[in-house]
Amino acid sequence: MAYTYDDQNIFAKILRGEIPNDTVRETEHSLAFRDIQPQAPEHVLVIPKGAYVTADDFAARASDAEIADFWRCFATICADLGVTPDTGAGYRIISNAGHDGVQEVPHFHLHILAGRPLGRMLNS
């Protein structure tokens, strides 16, 4: 499947330094920053620096180095926030894709949400 990447999306602009962010962690291939409209006490977005539209696009096209860096960045952030189930109360990750997934920014990203009980994932 072909994905069309919009290099004018907000995350592309953040990666180019055109829009400021509250960086939590930056690695060679990934950037993590606090959400500007947090939905939980801890709400961090993790994005790859490459031009990937959705999780499946990233999984299919990213290099092994990008994939490993992204997931290790995610794990480090969870540990740093103290939300891993062995040290905290846990977390939820969300990645929206496409129309039915209500994806608002066409750049693959994970939401890490933690810091309070988050309720059921879906009610319908």
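The values are calculated or read from the model by the stated rules, or taken from the named source; none is laboratory data. Everything numeric in this text was worked out from a predicted model, so none of it was measured. Glycine gets a Cβ as well: all are built from the backbone with ideal geometry, and neighbour counts include every protein chain shown.
Take the residues in segment 97-120 that are closer than 20 Å to PHE74 by Cα and of a type in the set (A, V, I, L, M, F, W, C), then tell me which one is modelled with the lowest pLDDT.
LEU118
Exactly one of (1) hydrophobic (A, V, I, L, M, F, W, C); (2) over 14 Å from HIS109 (Cβ atoms); (3) more than 13 Å from the chain's Cα centre (by Cα) is unmet by ALA75. Its number?
So the condition that ALA75 fails would be (3).
Considering each of ILE10, ILE47, ILE67 in turn, give the residue that is among the β-branched types (Val, Ile, Thr), out of contact with any Gly (no Cβ under 8 Å at 6 or more places or on another chain), surrounded by 12 or more Cβ atoms within 10 Å (Cβ to Cβ) and closer than 12 Å to LEU110 by Cα.
Selected residue: ILE47, the only one of ILE10, ILE47, ILE67 that is among the β-branched types (Val, Ile, Thr), out of contact with any Gly (no Cβ under 8 Å at 6 or more places or on another chain), surrounded by 12 or more Cβ atoms within 10 Å (Cβ to Cβ) and closer than 12 Å to LEU110 by Cα.
On the basis of being surrounded by fewer than 18 Cβ atoms within 10 Å (Cβ to Cβ), aliphatic (A, V, I, L, M) and under 25 Å from MET121 (Cα atoms), does ALA97 make the cut?
It is true that ALA97 is surrounded by fewer than 18 Cβ atoms within 10 Å (Cβ to Cβ), aliphatic (A, V, I, L, M) and under 25 Å from MET121 (Cα atoms).
Taking the condition of being assigned to a helix (DSSP H, G or I) and surrounded by 18 or more Cβ atoms within 10 Å (Cβ to Cβ), how many residues in segment 75-88 meet it?
Qualifying residue count, segment 75-88: 3.
Taking interchain pairs and intrachain pairs at least six residues apart, which have beta carbon atoms under 8 angstrom, with the first residue in segment 22-33 and among the charged types (D, E, K, R) and the second part of a strand (DSSP E or B)?
Here the result reads ASP22/PHE33; ASP22/ARG34; ARG25/LEU31; ARG25/ALA32; GLU26/ALA32, each pair linking segment 22-33 to a residue that is part of a strand (DSSP E or B).
Working only within segment 105-124, note down all residues that are more than 21 Å from ARG61 (Cα to Cα) and in a loop (DSSP other than H, G, I, E, B).
GLY115, ARG116, PRO117, LEU118, GLY119, ARG120, MET121, LEU122, ASN123, SER124
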